[in-house]
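What follows is a single structure, written as structure tokens, with notes after it.
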There are 2 protein chains.
Amino acid sequence: MNTRKVSIKDIAKICGVSVSTVSRVINNNGRFSEETRQRVVKAIKKYNYKTNTAAKTLRMQKSNAIGILVPDLANSFFSNLVENLEKNFFIKGYSTMICDTGRDKDRELTYLKMLEAKVVDGLIVISGSRKYNPDIIDPKIPVICIDRSSDSPNVTYIGSNHEQGARMATAKLIEAGTTPILLCSSNQKISSTKDRIRGYQIEMKSQHLSDNDCKIVAIKSHKSNIDQRGIEIRSILRNMLNEQNLPIGIFAISDTIAAEVTVAAHELELNIPRDLKVIGFDDAPIAKYCYPQLTTIRQNTQEIVDKTSTLLLQMIQGDNSIRQNREIIDVDLIERGTV
Amino acid sequence: MNTRKVSIKDIAKICGVSVSTVSRVINNNGRFSEETRQRVVKAIKKYNYKTNTAAKTLRMQKSNAIGILVPDLANSFFSNLVENLEKNFFIKGYSTMICDTGRDKDRELTYLKMLEAKVVDGLIVISGSRKYNPDIIDPKIPVICIDRSSDSPNVTYIGSNHEQGARMATAKLIEAGTTPILLCSSNQKISSTKDRIRGYQIEMKSQHLSDNDCKIVAIKSHKSNIDQRGIEIRSILRNMLNEQNLPIGIFAISDTIAAEVTVAAHELELNIPRDLKVIGFDDAPIAKYCYPQLTTIRQNTQEIVDKTSTLLLQMIQGDNSIRQNREIIDVDLIERGTV
DNA sequence: GTGAAAGCGCTAACAG
DNA sequence: CTGTTAGCGCTTTCAC
């Protein structure tokens with residue numbers, strides 16, 4: 001019952017030709033007669049032959065696979081990114097190895113090693129809390145970081161203009177007459193978060209608002225503990241109600257937090273946007289199901305994805321000129337019901 | 001500048017031993033002196049040696065990789081499933097190849113072939129519109145289907161008790177005094193959807209309700225076209241308002257649709273749960289951000305994931321007794337604000 | 001306790 | 001146009 005998988009050798013025997021000839025027709029590389037071609041193709045179909053990728057990779061020192069390190073697939077922005085990256089690479093004949101690091105340092109390291117051992121042709125690293133420093137990884141394999149900085153000179157950076165987005169949101173809130181404005185952040189120290197905070201500060205300053213008008217608070221509880229976060233946010237809201245006049249203005253660092261703000265507002269019987277105005281970030285799917293629907297900053301996922309795949313493919317093809325690039329993608333303000 | 005990656009041969013040379021000895025040390029397999037062990041381990045660290053997976057896979061006819069076919073990573077239920085599967089397999093030393101088929105038949109086929117060519121040790125197929133029929137795939141590789149039926153005798157099925165969930169939702173709505181009850185479905189013919197529809201029908205019948213009390217409608221527009229879906233749902237709601245008294249009862253086949261029902265209700269100025277009661281399915285993240293928060297049926301993702309990984313690993317280890325299994329996982333009614 | 005050698009399935013250089 | 005052959009990096013008998 002040990003039907004070993006059919007190999008190129010078997011096909012060769014069946015067709016009465018050599019393995020090299022079979023290889024030639026498979027890869028359409030070199031010369032062979034039309035007649036043998038047909039015979040080989042037929043046998044391949046009949047015996048359901050499939051190239052053994054491991055063997056091919058070993059021989060070619062090229063896997064036609066690219067690795068993707070993602071911090072959290074449950075985050076819709078990331079899963080969207082990954083899904084579309086996957087689609088682009090698939091079209092180009094590349095398979096993708098998606099690795100969810102759970103924002104864990106050790107898992108990231110393990111995955112990095114695993115991917116290198118698998119001879120990936122390229123690497124995409126999405127977000128993450130520290131800089132990406134690929135000491136462990138062969139410097140010859142091209143890598144692109146999305147929303148993650150790196151000290152390494154041959155790593156390309158691609159990311160949204162988070163600073164611009166934060167300025168747009170802040171300006172909108174100021175224009176709507178809500179000062180002071182609370183920036184409600186998470187406590188993750190990822191680079192996009194830092195950029196957004198900076199954008200907020202720059203915009204406040206450029207509109208000549210005092211330091212008293214800037215308030216930044218970081219949600220401490222983890223997003224998996226949604227009840228705890230709700231409690232935390234309600235308490236923040238209550239404090240604001242005590243200290244200032246309506247309407248309250250909040251710039252939330254993400255749509256998740258913005259959504260939680262809307263829920264807390266309902267519980268405190270605050271009317272949005274009359275009593276409280278809030279803007280999120282990302283245009284996550286939840287934005288449209290909040291009540292009212294969230295005003296938010298949309299990242300241009302498709303452009304990020306397209307730039308990333310085009311560039312990485314070029315780098316894999318050996319075009320070294322483009323390394324050390326930095327691409328910043330514009331964002332848009334989506335006006336809905338919370339301002 | 002061609003620093004070829006360091007191989008087992010290089011390590012052997014450096015340590016003044018043979019490749020077989022190095023291999024023995026690496027895999028802790030066979031005998032070697034403590035002294036050589038230390039030398040080898042040191043060299044491996046110093047030269048940052050990493051096993052070439054392709055070579056190992058080729059030699060061992062085993063990849064320590066498992067393939068996952070998922071219809072849509074942007075769906076939170078699926079991404080959750082995948083994320084947790086990944087975590088489990090990672091712990092056991094298996095890497096996962098996540099393939100998003102976009103519910104496309106051809107892409108699914110291509111991926112299936114690709115995965116087999118990669119010598120995956122096992123396969124997980126999640127949902128999908130047709131039955132899973134693995135003619136193309138080597139029958140020796142173990143496969144588990146989640147929420148997807150198959151005619152093949154050596155495919156294991158694992159899935160939630162969708163029928164039970166639908167009955168619970170329907171019963172709850174009846175108990176809350178809303179008849180007739182509208183079942184608001186998508187137009188995807190996946191097996192879990194069918195089970196839920198059947199559960200609704202069975203429960204209606206068992207409560208001696210007439211055919212007039214059963215109304216099933218399928219949303220036609222694709223979920224990517226969210227505006228169109230909104231229009232469709234509002235028109236459905238308006239029809240119901242014309243034909244029956246308040247409160248209206250809706251069992252939505254998914255939380256996405258339930259969420260859209262809440263949005264449409266706000267636009268029509270219907271109060272939930274006073275004028276309209278709705279129950280969703282899945283307990284997706286959006287459920288908690290709707291207003292009011294969605295009452296829904298929760299699938300036990302963790303149990304599905306654990307059962308799947310345990311079983312697949314057993315099958316990979318050669319335990320054939322468990323093939324052709326069928327595991328049905330209980331679901332829970334989560335009561336929140338929409339009933 | 002260690003080494004030599006075969007071979008996993010494939011491609012490409014070379015020879016004819 | 002086609003066959004022979006070496007070798008990618010690894011594990012595993014079989015000798016010693």
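Just one residue in the set A:SER186, A:SER191, A:SER224 is farther than 15 Å from A:LYS277 by Cα and without any contact (Cβ under 8 Å) to a residue 60 or more places away in the chain; that residue is A:SER224.
Here B:ILE257 meets each of (1) open to solvent by 30 Å² or more (accessible area, probe 1.4 Å); (2) within 25 Å of B:ILE197 (Cβ to Cβ) with one exception, condition (1). A single member of B:LEU270, B:LEU311 is open to solvent by 10 Å² or more (accessible area, probe 1.4 Å) and in a helix (DSSP H, G or I), and it is B:LEU311. Checked against (1) within 30 Å of A:ASP227 (Cα to Cα); (2) assigned to a strand (DSSP E or B), B:ILE216 passes all but condition (1).
Scan the range B:159-209 for residues that are more than 24 Å from B:LYS307 (Cβ to Cβ), hydrophobic (A, V, I, L, M, F, W, C) and open to solvent by less than 50 Å² (accessible area, probe 1.4 Å) and jot them down.
B:ALA171, B:LEU173, B:ILE174, B:ALA176, B:ILE181, B:LEU182, B:LEU183, B:CYS184, B:ILE197, B:MET204, B:LEU209, listed by residue number.
Restricted to the range B:71-95, and to residues there that are assigned to a loop (DSSP other than H, G, I, E, B) and over 15 Å from B:ASP147 (Cβ atoms), the residue that is least open to solvent (accessible area, probe 1.4 Å) is B:LEU73. Being within 16 Å of DNA strand C (Cβ to nearest atom) and on the phi > 0 side of the Ramachandran plot holds for only one residue in A:ASN64, A:ASN27, and it is A:ASN64.
A:ASN245 satisfies every condition listed in (1) closer than 29 Å to B:SER76 by Cα; (2) open to solvent by 60 Å² or more (accessible area, probe 1.4 Å) except (1).
Selection over the range A:75-95 of residues that are among the basic types (Lys, Arg) and within 8 Å of chain B (Cβ to nearest Cβ) gives a count of 1. Taken together, B:ALA258, B:ALA265, B:ALA169 contain a single residue that is within 14 Å of another protein chain (Cβ to nearest Cβ), closer than 16 Å to B:LEU333 by Cβ and assigned to a helix (DSSP H, G or I), which is B:ALA258. Has the range A:100-114 got at least one residue that is assigned by TED's automatic domain parsing to the domain that holds A:ASP151, within 16 Å of DNA strand D (Cβ to nearest atom) and open to solvent by 40 Å² or more (accessible area, probe 1.4 Å)? Looking through the range A:100-114, at least one residue is assigned by TED's automatic domain parsing to the domain that holds A:ASP151, within 16 Å of DNA strand D (Cβ to nearest atom) and open to solvent by 40 Å² or more (accessible area, probe 1.4 Å).
Taking the criterion of being within 8 Å of DNA strand D (Cβ to nearest atom) and in contact (Cβ under 8 Å) with a residue 12 or more places away in the chain, would at least one residue in the range A:46-61 satisfy it? Within the range A:46-61, one or more residues are within 8 Å of DNA strand D (Cβ to nearest atom) and in contact (Cβ under 8 Å) with a residue 12 or more places away in the chain. When the residues of the range B:1-13 are filtered to those that are within 11 Å of DNA strand D (Cβ to nearest atom), of a type in the set (D, E, K, R) and part of a helix (DSSP H, G or I), the one that is surrounded by the fewest Cβ atoms within 10 Å (Cβ to Cβ) is B:LYS9. The residues in the range B:14-45 that are surrounded by 14 or more Cβ atoms within 10 Å (Cβ to Cβ) and free of Cβ contacts under 8 Å to residues at least 12 places away in the same chain can be counted, and the count is 3. Would you be able to say whether some residue in the range A:292-302 is outside the structural domain of A:PHE89 (by TED's automatic domain parsing), touching a Cys at 6+ places or on another chain (Cβ under 8 Å) and not aliphatic (A, V, I, L, M)? Within the range A:292-302, not a single residue is outside the structural domain of A:PHE89 (by TED's automatic domain parsing), touching a Cys at 6+ places or on another chain (Cβ under 8 Å) and not aliphatic (A, V, I, L, M).
Across the range B:210-222, what is the total count of residues that are open to solvent by less than 60 Å² (accessible area, probe 1.4 Å), within 25 Å of the chain's Cα centre (by Cα) and not aliphatic (A, V, I, L, M)? Going through the range B:210-222 one residue at a time, the tally reaches 1. When we screen B:THR21, B:THR51 for residues that are more than 10 Å from chain A (Cβ to nearest Cβ) and within 15 Å of DNA strand C (Cβ to nearest atom), the only hit is B:THR21. Within the range A:273-308, the set of residues being assigned to a loop (DSSP other than H, G, I, E, B) and open to solvent by 20 Å² or more (accessible area, probe 1.4 Å) comprises A:PRO273, A:ARG274, A:ASP283, A:TYR291, A:PRO292, A:GLN293, A:ASN300.
When you look at A:LYS189, is it in the same structural domain as A:CYS214 (by TED's automatic domain parsing), in a helix (DSSP H, G or I) and more than 29 Å from B:ASP100 (Cα to Cα), yes or no?
No, not satisfied.
The values are calculated or read from the model by the stated rules, or taken from the named source; none is laboratory data. On a predicted model such as this, the values are computed, not experimentally measured, just so you know. Glycine also receives a Cβ, built like all others from the backbone with ideal geometry; neighbour counts cover every protein chain displayed. When the accessible area is computed, the model is the full protein with side chains, heavy atoms only, and any ligands, DNA or RNA have been set aside. Shrake-Rupley method; radii C 1.70, N 1.55, O 1.52, S 1.80 Å.
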